[in-house]
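Where a number appears in this text, it was derived from the coordinates with a stated rule and is not lab data. These figures come from a predicted structure and were not determined experimentally. Heads up, the Cβs are rebuilt from the backbone with ideal geometry, glycines too, and the neighbour counts pull from every protein chain shown.
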Amino acid sequence: MRGELCVGSASVLSLVALLLLIFMHVGQINTSTVLEAYLWLTCLSYGNGLSAAIGDPVAGLYTSNASAPLEEHLGLRQIYKFGLYSHCAFVNTSGGICSNHSTANRFEPFTVITADMLTNYSSLTTALVTNVTIIDSPYLGEFTNGAYYLILIGTVCAALTLFTGLLKHTFLFLLSTAFAVIGSLTLLIGATIWTVIIKKTESINDFIVGPSTSPAPLGIIVTTGNALFLLWAAFACLIVSILPYMISCCTYRG
Ligand SMILES: *[C@@H]1O[C@H](CO)[C@@H](O)[C@H](O)[C@H]1NC(C)=O
Ligand SMILES: *[C@@H]1O[C@H](CO)[C@@H](O)[C@H](O)[C@H]1NC(C)=O
């Protein structure tokens, strides 16, 4: 009876981990504009920031056409959401489109937003924003590309943990334990990479422009999206399942 309880709780934990991860992946593969994002970039006030920086009014920075193609210098959008597979850009709270989906999409937010701006504004922006992590696209791209594969391996391991555990065999519980350990480890590293990257890109939130007599915020704001919380929750469930799987493989008599 004790063994059954152990197996049961281990299975529930790995099932929850797997469901959270599936939810996270599907929320990002979804072709609609609803996306389980790692990070939001709000550019709503960038017009004011840019105007304060150059000392002139800024016109035509944004596009109001929700379906205008992305990264073709057709105008900045107000809100960007970045996920594992793509990013979406919104002209208001609801209207927007997403980029093409490619696996292991690199997270290069500064490249994305400057590619949306009209060319004169993208060169101004590139000259204006310096010494913050968010402009270092090769660095962000490399690390998030690596994190993507780790999260994928972690997801496969969570599935294998659950299914080998369901077979209820002493040796297979050993295998479940091993998958849970490998999965937790890869999810831990993947989630850590994303957490560090998001923290580092947040330095743009405090970026000040304009003359020292009348400084103004840049107006580009980074916030953490839901996907990161799902990822950490999945990691927590999978790592907690290790102990009951381990106990099951020593004590279960199937
Ligand atoms: C918005 O962009 C789409 C795609 O380029 C284009 O077909 C459409 O005519 C544009 N709408 C307006 C109002 O400019
Ligand atoms: C958002 O923008 C789209 C396209 O310009 C428009 O059709 C829609 O009504 C807007 N929605 C809101 C809530 O303003």
Separation of the residue 224 and residue 94 label points, Cα + 7 Å toward Cβ, nm: 3.0 nm
Estimated dipole of region 2-251 in Debye, rounded to 20 [Cβ of Lys and Arg +1, of Asp and Glu -1, Cα centre]: 640 debye
Gap separating the Cα centres of region 166-208 and region 211-246, nearest whole Å: 12 Å
Leading residue at positive end of dipole, region 1-117 (Cβ point charges), from 89, 13, 64: 13
Two-site label geometry, residue 118 and residue 213: point separation in nm, points 7 Å out along Cα→Cβ: 2.9 nm
Fully extended contour minus Cα-Cα distance, from residue 196 to residue 44, at 0.36 nm per residue: 52.3 nm
Computed E for residue 142/residue 26 - FRET, C-beta separation, R0 30 angstrom, nearest 0.05: 0.70
Helical segments meeting 24 Å axial Cα length and Kyte-Doolittle 0.0 threshold in the chain (DSSP H): 2-29, 137-166, 170-201, 226-251
For residue 39, residues with placed amide H under 5 Å, excluding near neighbours: 82, 225
